[in-house]
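No lab work stands behind these numbers, since they all come straight from the coordinates. In this text the structure is predicted, and so the values were computed from the model without any measurement. Here Cβ is always computed from backbone atoms with ideal geometry, including for glycine, and neighbour counts include all displayed protein chains.
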Amino acid sequence: MLAQVGKPAPDFALASTKGATGAKDLGKEVKLSDYSGKWLILFFYPLDFTFVCPTEITALSERYDEFKEFDTEILGCSTDSVFSHWAWLNTPRDKNGIAGTKYPLASDFTKEVARAYGVLDEKSGVAQRGLFIIDPNGVLKYAVVTDDNVGRSVEETLRVLQALQTGGLCPAEWKPGKALLTKA
């Protein structure tokens, strides 16, 4: 099943860094059902230890508490192993690491989940930059894929999340506190 907005999000079960305190307890499985009843920002990025990826991961982490205020969890995912994720999570930011990241990273080593979400570059075997917002019922509500050279906007992700949570009609450039459209 390929990801499609308005349809159930493709299921997943992935090894992750969730709850890990050391390399020996890496690999705790995260599943879509773990996020039932909450909103989920699931994002894919190309590779650990690259250039644009840490800017996105740390920017999301710095605003993590804002997402929590909207009953939303974040899960990052690439086709790297959990061991690579763990090494990156334990590398200082001034050395191109992402130490201090507040949410887990998942490993799609088999590439099945990236393929299901339509973000796998089959030639390179690497995930593209894809971001998906999944509602508390497991329905995919938003999807965006960008060029690998362009980082995503945390501000826009928060705006879209809040717009989706209104359940109403949000015009272009809508921001929290602005009026919703009404059906005539």
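Data for the structure
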read-out	value
Options A184, A116, A163, A127: the member that is farther than 17 Å from T72 by Cα, over 16 Å from the mean Cα position of the chain (by Cα) and small (G, A, S)	A184
Looking only at the range 147-175, and only at residues there that are exposed (fewer than 15 other Cβ atoms within 10 Å of the Cβ) and touching a residue at least 12 places away in the same chain (Cβ under 8 Å), the one that is nearest to E56 (Cα to Cα)	V150
Pick from the range 135-184, criterion of a type in the set (S, T, Y) and assigned to a strand (DSSP E or B), ranking: farthest from D121 (Cα to Cα)	Y142
Residue match in the range 47-70 (condition: assigned to a strand (DSSP E or B) and hydrophobic (A, V, I, L, M, F, W, C))	no
Residues within the range 55-112 that are hydroxyl-bearing (S, T, Y) and touching a strand residue (DSSP E or B) at 6+ places or on another chain (Cβ under 6 Å), tallied	6
Residue within the range 73-89 that is buried (at least 16 other Cβ atoms within 10 Å of the Cβ), more than 24 Å from D25 (Cα to Cα), in contact (Cβ under 8 Å) with a residue 60 or more places away in the chain and among the aromatic types (F, W, Y) present	no
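Conditions (1) part of a helix (DSSP H, G or I); (2) touching a His at 6+ places or on another chain (Cβ under 7 Å); (3) polar (S, T, N, Q); (4) on the phi > 0 side of the Ramachandran plot, marked per residue:
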site: G6; (1), (2), (3), (4): no, no, no, yes
site: L14; (1), (2), (3), (4): no, no, no, no
site: K18; (1), (2), (3), (4): no, no, no, no
site: E29; (1), (2), (3), (4): no, no, no, no
site: L42; (1), (2), (3), (4): no, no, no, no
site: L75; (1), (2), (3), (4): no, no, no, no
site: S84; (1), (2), (3), (4): yes, no, yes, no
site: A87; (1), (2), (3), (4): yes, no, no, no
site: I98; (1), (2), (3), (4): no, no, no, no
